[in-house]
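Below you'll find the structure, written out as C-alpha cells, and then a few comments.
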Amino acid sequence: MIKRKLGINIDHVATLRNIRGNNFPSVSKAALVALSSGADSITVHLREDQRHIKPSDVLLLKKILNIPLNLEMALTKKMISFATKVKPEFVCLVPEKRKELTTEGGLNLFYNLSLLKKSILKLKSTNIAVSLFIDPEIRMVKQAIKLKADNIEIHTGSYCNFLNNKNKIKSRLEFNKIKSAAKFASKNNLGVHCGHGLDYISTKNIRAIKEISEYNIGHFVISQSVFDGLSNVIKKLSKIIKN
C-alpha cells in the first residue's frame, strides 16, 4: 500500500510578511511549526518576480529542515541553475505567468521540449527528484514518462472549483480524470502527487484515489489558520490523508 504524505506550502506566510516589508511572520518558523504538526515536506514556489518567497528563504529552509524541501519553479535556465546550487530534495516544474494570481493550470510538456529535457537531466544529475505539475490528461502523463520524470503532480484546481460551486456533474468528470491519470501513472512506475485548491472536503474525496501518495496544500492551510491556528489545520489535514 502507498504511504500517503502531506506537503505544506508556506508561500502565503511570505506574502503576509512582504506586505509590511519586515521579517514577520517568519517563513522559517512556519516551516518548523508545520514539521512539528505532521507535515512530511515543505513546499515553496520561488517565482521569478519573487512576489512571496525569496531566494534567501529557500537557502534558510534548506539549512534548517530535516524533512524534504520541495521547490516549485518555472522552467528557466536561471531557476534550474539556482536549484542545482541549493539542491532541494525535490523540484516541481510549474507554468508561470507574471499577471496570474496563482498557477492557473498544468505545464505543457510538449512546449519548449529541448529546454525541458535538458533541465530534467541536469536536475537529476545532482540527485534532485523531478516532478512535473500537469493537468489530469493521459497524454501529459505519457509525456512525463517519456521525459523520465520521477513524479507528476496532478493539478486539482478545476476539480476543487467545480466542487466548491456545487457542480456535481463537472466535479465528477474532473475527479474521474484525476483518477484515470493517477492510475495510469502509477502503473508506469511514476510517483503521483496532487495539489492546488485542496481543502478538507476535496482532500477527503481525493483520498479515495489510492495511487496518489502526496498532497501539497498551501493557500487553504494559511487561510484557515487565521481561524483555527496553523498547527491545528495541519494536524486535521494529516489525519484526513493518513487515517
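The values are calculated or read from the model by the stated rules, or taken from the named source; none is laboratory data. As the structure is a computational prediction, the values presented were derived from the model and not from experiment. Positions of Cβ are backbone-derived with ideal geometry, glycine not excepted, and every protein chain shown enters the neighbour counts. The protein model used for the area step is the full one, side chains on, heavy atoms only, and it has no ligands, DNA or RNA in it. Shrake-Rupley method; radii C 1.70, N 1.55, O 1.52, S 1.80 Å.
Computed quantities for the displayed model
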| item | result |
| --- | --- |
| For segment 121-243, alpha-carbon Rg over 2.2 N^0.38 Å | 1.10 |
| Span per principal axis, largest first, for the Cα atoms of segment 33-101 (Å) | 34, 27, 18 |
| Entries in Lys3/Lys183; Lys5/Lys85; Lys3/Lys242 that, when Cα-Cα distance is taken, lie over 18 Å | Lys5/Lys85 |
| Fully extended contour minus Cα-Cα distance, from Asn164 to Lys85, at 0.36 nm per residue | 24.4 nm |
| Filtered GluC sites (Glu not before Pro), segment 120-201: DSSP coil and at most 15 other beta carbons within 10 Å | none |
| Radius ratio Rg over Rh of the chain, counting only Cα atoms, Kirkwood formula for Rh | 0.94 |
| Carbon and sulfur %, accessible surface of the chain computed with the full protein complex present, 1.4 Å | 54 |
| Net lengthening on full extension, Glu137/Lys63 (0.36 nm per residue, minus Cα-Cα) | 23.0 nm |
| Computed helical MRE - 222 nm, the chain, DSSP H runs ≥ 4 contributing -39500 (n - 2.57), nearest 500 | -15000 deg cm²/dmol |
| Separation of the Ile201 and Asn18 label points, Cα + 7 Å toward Cβ, nm | 3.1 |
